[in-house]
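Here's the structure we're looking at; comments come further down.
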Amino acid sequence: MEKKIRIGVCVMEKKVKCGPEVFSAPMGQILDRLQSFGEFEVVHFGDKVILEDPIESWPVCDCLIAFHSSGYPLEKVEEYAALRKPFIVNELEPQHLLHDRRKVYEHLDMFGIPVPRYACVNREVPYQELDYFVEEDDFVEVHGNRFCKPLVEKPVNGDDHRIMIYYPSSAGGGMKELFRKVGNRSSEFHPEVRRVRREGSYIYEEFMPTGGTDVKVYTVGPEYAHAEARKSPVVDGVVMRNPDGKEVRYPVLLTPVEKQMAREVCIAFRQAVCGFDLLRCEGRSYVCDVNGWSFVKNSYKYYDDAACVLRKIFLDAKAPHLSSTIPPTLPWKVNEPVQPSEGLTRQGSGLIGTFGQSEELRSVIAIIRHGDRTPKQKVKFKVTEEKLLNLMLKYNGGRPRSETKLKSAVQLQDLLDATRALVPRTRPGRGSDSEAEDFEHAEKLRQVKAVLEEGGHFSGIYRKVQLKPLKWVMVPKSNGEGEEERPVEALMVLKYGGVLTHAGRKQAEELGRYFRNNIYPGEGTGLLRLHSTYRHDLKIYSSDEGRVQMSAAAFAKGLLDLEGQLTPILVSLVSKDSSMLDGLANASIEIKEAKARLNDVIISGSKTLHNSGSAEKPWMVDGAGLPPNASELLPKLVKLTKRVTEQVKLLAKDEDEELAETSSYDVIPPYDQAKALGKTNIDVDRIAAGLPCGSEGFLLMFARWRKLERDLYNERKDRYDITQIPDVYDSCKYDRLHNSHLNLEGLGELFEFAQLLADGVIPNEYGINPKQKLKIGSKIARRLLGKILIDLRNTREEALSVADLKSCEDHHSAVNKTGSDPKLNARSEDLRKSSFTSVKSTDQDDDEDKETKYRLDPKYANVRTPERHVRTRLYFTSESHIHSLMNVLRYCNLDESLHGEASLVCDNALDRLFKTKELDYMSYIVLRMFENTEHISEPLAEVWKPS
């Protein structure tokens, strides 16, 4: 009998877990399997030998398993290896690199392995000031290399796992700390922390949005790599565990590029058994945090594979004359009891969800309006003050004719400082016209100051200031050499409000839960599993507006059952696409025409609108929904608006007098960005104090109502502006919901009149007749509509591809009984690669179609159909896009190219939509595509009406 190959295990005992605990330790499981082949003898060195005995007395072995851990004498082991010269599975010298992240990244760079963009900050002593390191509110700069937040901060010490992620002020600011699992937690969010650490040396790294999923890759030699996905601790700090208390992880397929990366990592660090983190971001993959000697936990199939691969490595190194062919029945399988099922079958069924007997859900597409918000406001006036003009030049690069936008916390703080110095301490009475103008100017400066001081925090997604030069003159240069232009007058526009309220966040979160439990039939909370395993291809898009972004984040929190604050969820899971989901610019001319026509109709009380519809189809009537007595309601609306404004004015006057007595203009509120998202009990406190909700204050509340009163009706010109009706309704609705405790007389009656008019005005602002509605809707929602069609097409193509693959495999199985068909084998393999790795659309204009689609690994995931998944696309936007999209769905058959065809929406649904007067907060349109598994060529689409 040939002598057995001796495998020396020179590892600290806590890493091996031999003896009674060997069944639960990955390394013990693999070593037991190796010995079962009968070709190996495993020799454990033990802690006493490793730490105390001289290397000359250590056991002699043919192959050595050795890797560093806490307290491990790596240099001593290197001496032993030099003395005995065994074959070493993981070479020792490169292990020194693994404990310094700087060296790991340098090594990855040297071998051309993609890593996130990074830079190192090296401090010899804590808090050392470095001339190459700059920190500002929303970025750090290292050697001129700027990293904008969100950014990642990692200690250079590879054994220090306290990794920080810092978030931008536009998303609410704050920091998330990632750490080794403690119980069921792996991260904590700290909303008050904004400054990076300075007590040591760190790597700063570009944040890579990975869709809330982490991937860990485990190599066993350069030819074998296994990957598992888990919920990322970046999204929230809760560790997902199965009923046995083990962290839920899911085996996933690596793409060919990723397999090559795994091979290169293994070779570059000369570590046969190796683990590393894989970041999948926007269709590309990056490597970070390489660890030596890492094994998968709780996977019997993996233990089998790892033992077989290591056996071949050992035989090739020490007994190449022996065959490494794997026997038909693995030796440890002969008398082994049946092991419990692994993977996903313990988490739920393999079905994606059924609708009827033979239909499975394949796609969910939802277009969703944002949640409840504060009223949107705008202050516009001309400024000539030098402090404000200088501020404009400071942030527009010194160009006297260029406008500037102030959004960041630093910029808004500068503006607040300048405004505080300009606001008069007293309020002079009105005298002449010039004095009245001065009074009005001072009041607007006072309003700007109040807006900037609101809440004691700044957030660019809630407040924006525009300064646009209007006049300039030539003045001598400061150095006396010639002249230069200097602005002397500018237009200041302050936009604020539109903040998602606490009620709005709750609305979005509850709708997310509803989707999780009702939109995905047969799954329930199994949606979490789908998301974590790529069986659920989820992407969330938002417009650029803060309230829309936060609605998307709150919805994702409810949909995926996440916990904690919204900032990490927003940054990790929500993609902004302003060109697809923002603005009305594409149809501005048509909307202006519709509003002008609407104004004429209402003011004149005209009943001569040309109607192309009939009483049986009121949704086809021009000006559909307008109350017949709209012109008679306008004077009542103005009267009630004045009545509410006068009451708020008295409250504001009392508040202003109290502020003057306490010299509040000298008080600088603390800068606290965290309050933008963190405070949820502030409204309760203000209600108890008899103040308006949302930290608005009576002064700003009065400014809001006074502007509405003045804009709605111009007394001097005796002219109504019907475009203000939606804003009046908006303010009424907000104050009835959030400020009912103020008991404003007439507010309820005003709300009823405003609602009646708004229900007619708002839909007709997007077209006063069906053809105009279609034209405006198609211009506003053109990109969104195109994207939805791509989503549906991609889902259908993928379903057909998978069905084709299954048909080939079934036929292949039948052919195998009589003989093999090489062409069929090749076709089946091509389809499988297409399904599992890189399904791409032919539309190269769409970035998403260029992304790689990831899948479960069918060898390890015990699921009936691992190649299938649900594609979910969520689009969060504003009211304009909801109206536009609905108008296209309702009236697209009126287009010349489709003239004569039936509407996409049946008459019964059209009637229900017509009677749905308002597309309120969190209204949504859902399209679901089902696959008929009996007739694969005809996927089904189902359209849901807005909620």
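The values are calculated or read from the model by the stated rules, or taken from the named source; none is laboratory data. Since the structure is predicted, the reported quantities are computational estimates derived from the model, not experimental observations. Here the Cβ is made from the backbone with ideal geometry for all residues, glycine too, and neighbour counts use every protein chain on show. The accessibility values were calculated without ligands, DNA or RNA, using every heavy atom of the protein model including side chains. Shrake-Rupley method; radii C 1.70, N 1.55, O 1.52, S 1.80 Å.
Among what's in the range 195-206 and is part of a loop (DSSP other than H, G, I, E, B) and open to solvent by 40 Å² or more (accessible area, probe 1.4 Å), pick the residue that is farthest from CYS274 (Cα to Cα).
Of all residues in the range 195-206, those part of a loop (DSSP other than H, G, I, E, B) come to 195-201.
Next, from what is left, pick out any that are open to solvent by 40 Å² or more (accessible area, probe 1.4 Å): 195, 198-199.
Values: ARG195: 34, ARG198: 32, GLU199: 31 Å.
Among those that are part of a loop (DSSP other than H, G, I, E, B) and open to solvent by 40 Å² or more (accessible area, probe 1.4 Å), it is ARG195.
Taken over the range 758-782, the criterion of being more than 32 Å from the chain's Cα centre (by Cα) and in a loop (DSSP other than H, G, I, E, B) is satisfied by GLY767, ILE768, ASN769. Based on what the data block shows, is GLU192 open to solvent by less than 10 Å² (accessible area, probe 1.4 Å), of a type in the set (Asp, Glu) and in contact (Cβ under 8 Å) with a residue 60 or more places away in the chain? So GLU192 does not fit the description; no.
In this structure, SER187 does satisfy being under 30 Å from ARG873 (Cβ atoms), touching a Gly at 6+ places or on another chain (Cβ under 6 Å), open to solvent by less than 20 Å² (accessible area, probe 1.4 Å) and among the polar types (S, T, N, Q).
Which one of SER363, SER358, SER432, SER408 is at pLDDT below 90, among the polar types (S, T, N, Q) and under 30 Å from ASP791 (Cα atoms)?
SER358
Within the range 277-293, if we keep just the residues that are under 22 Å from PHE67 (Cα atoms) and open to solvent by 20 Å² or more (accessible area, probe 1.4 Å), the residue that is modelled with the lowest pLDDT turns out to be GLY292. State whether the residues of the range 225-241 include one that is of a type outside the set (D, E, K, R), out of contact with any strand residue (DSSP E or B) (no Cβ under 9 Å at 6 or more places or on another chain) and open to solvent by 20 Å² or more (accessible area, probe 1.4 Å). Checked the range 225-241: no residue is of a type outside the set (D, E, K, R), out of contact with any strand residue (DSSP E or B) (no Cβ under 9 Å at 6 or more places or on another chain) and open to solvent by 20 Å² or more (accessible area, probe 1.4 Å).
Is it true that PRO209 is open to solvent by 10 Å² or more (accessible area, probe 1.4 Å), more than 24 Å from ARG241 (Cα to Cα) and either in contact with a helix residue (DSSP H, G or I) (Cβ under 7 Å, 6 or more places away or on another chain) or not in a loop (DSSP other than H, G, I, E, B) (or both)?
Working: open to solvent by 10 Å² or more (accessible area, probe 1.4 Å): yes; more than 24 Å from ARG241 (Cα to Cα): no; either in contact with a helix residue (DSSP H, G or I) (Cβ under 7 Å, 6 or more places away or on another chain) or not in a loop (DSSP other than H, G, I, E, B) (or both): yes.
Judged against the criteria, PRO209 is not a match.
Restricting to the range 295-320, and then to whatever is open to solvent by less than 60 Å² (accessible area, probe 1.4 Å) and part of a loop (DSSP other than H, G, I, E, B), can you tell me which residue is modelled with the highest pLDDT?
Going through the range 295-320, the residues open to solvent by less than 60 Å² (accessible area, probe 1.4 Å) turn out to be 295-296, 299-300, 302-311, 313-315, 317, 319.
With the extra rule that they be part of a loop (DSSP other than H, G, I, E, B), the set shrinks to 295-296, 299, 319.
Values: PHE295: 90, VAL296: 91, SER299: 88, ALA319: 94.
Among those residues, the one meeting the criterion is ALA319.
For the range 117-141, the set of residues classified as open to solvent by 50 Å² or more (accessible area, probe 1.4 Å) and among the charged types (D, E, K, R) consists of ARG117, GLU124, GLU129, ASP131, GLU136, ASP137, listed by residue number.
Identify all residues within the range 884-934 that are open to solvent by 40 Å² or more (accessible area, probe 1.4 Å) and under 16 Å from ARG369 (Cβ atoms); write none if there are none. Hits for the range 884-934 are THR916, LYS917, GLU918, ASP920. Of all the criteria given as (1) of a type in the set (Ser, Thr, Tyr); (2) farther than 22 Å from LEU322 by Cα; (3) open to solvent by 10 Å² or more (accessible area, probe 1.4 Å), the one not satisfied by SER36 is (2).
A single member of GLY112, GLY71 is open to solvent by 40 Å² or more (accessible area, probe 1.4 Å) and either among the polar types (S, T, N, Q) or modelled with pLDDT under 95 (or both), and it is GLY71.
Counting only residues that are open to solvent by 90 Å² or more (accessible area, probe 1.4 Å) and touching a residue at least 24 places away in the same chain (Cβ under 8 Å), the range 321-335 holds 0 of them. Looking only at residues in the range 404-415 that are of a type in the set (A, V, I, L, M) and crowded, with 19+ Cβ neighbours inside 10 Å, the one that is nearest to LYS495 (Cα to Cα) is LEU406.
In this structure, is PRO222 within 24 Å of GLN260 (Cα to Cα), at pLDDT 95 or above, open to solvent by 20 Å² or more (accessible area, probe 1.4 Å) and outside any strand (DSSP E or B)?
Details: within 24 Å of GLN260 (Cα to Cα): yes; at pLDDT 95 or above: yes; open to solvent by 20 Å² or more (accessible area, probe 1.4 Å): yes; outside any strand (DSSP E or B): yes.
It is true that PRO222 is within 24 Å of GLN260 (Cα to Cα), at pLDDT 95 or above, open to solvent by 20 Å² or more (accessible area, probe 1.4 Å) and outside any strand (DSSP E or B).
Residues in the range 760-785 that are buried (at least 21 other Cβ atoms within 10 Å of the Cβ) and among the hydroxyl-bearing types (Ser, Thr, Tyr): TYR766 alone.
Go through the range 294-316 residue by residue and tally those that are within 25 Å of ASN242 (Cβ to Cβ) and touching a strand residue (DSSP E or B) at 6+ places or on another chain (Cβ under 6 Å). Walk me through it before giving the result.
Applying the first criterion (within 25 Å of ASN242 (Cβ to Cβ)) to the range 294-316 yields 294-307.
Checking which are touching a strand residue (DSSP E or B) at 6+ places or on another chain (Cβ under 6 Å) leaves us with 294, 296, 302, 306.
Matching residues across the range 294-316 total 4.
Looking across the range 603-630 at every residue that is more than 15 Å from ARG890 (Cβ to Cβ), of a type in the set (Gly, Ala, Ser) and buried (at least 16 other Cβ atoms within 10 Å of the Cβ), the one that is modelled with the highest pLDDT is identified as ALA630.
Taking the range 60-94 as the range and being without any contact (Cβ under 8 Å) to a residue 12 or more places away in the chain, among the hydrophobic types (A, V, I, L, M, F, W, C) and within 18 Å of GLY292 (Cα to Cα) as the test, no residue passes.
Condition test on MET261, is it hydrophobic (A, V, I, L, M, F, W, C) and open to solvent by 40 Å² or more (accessible area, probe 1.4 Å)? Steps first, answer last, please.
Working: hydrophobic (A, V, I, L, M, F, W, C): yes; open to solvent by 40 Å² or more (accessible area, probe 1.4 Å): no.
Criteria not met by MET261.
The numbered conditions (1) closer than 26 Å to TRP293 by Cα; (2) touching a residue at least 60 places away in the same chain (Cβ under 8 Å); (3) open to solvent by less than 50 Å² (accessible area, probe 1.4 Å) are all true for VAL156 except (2).
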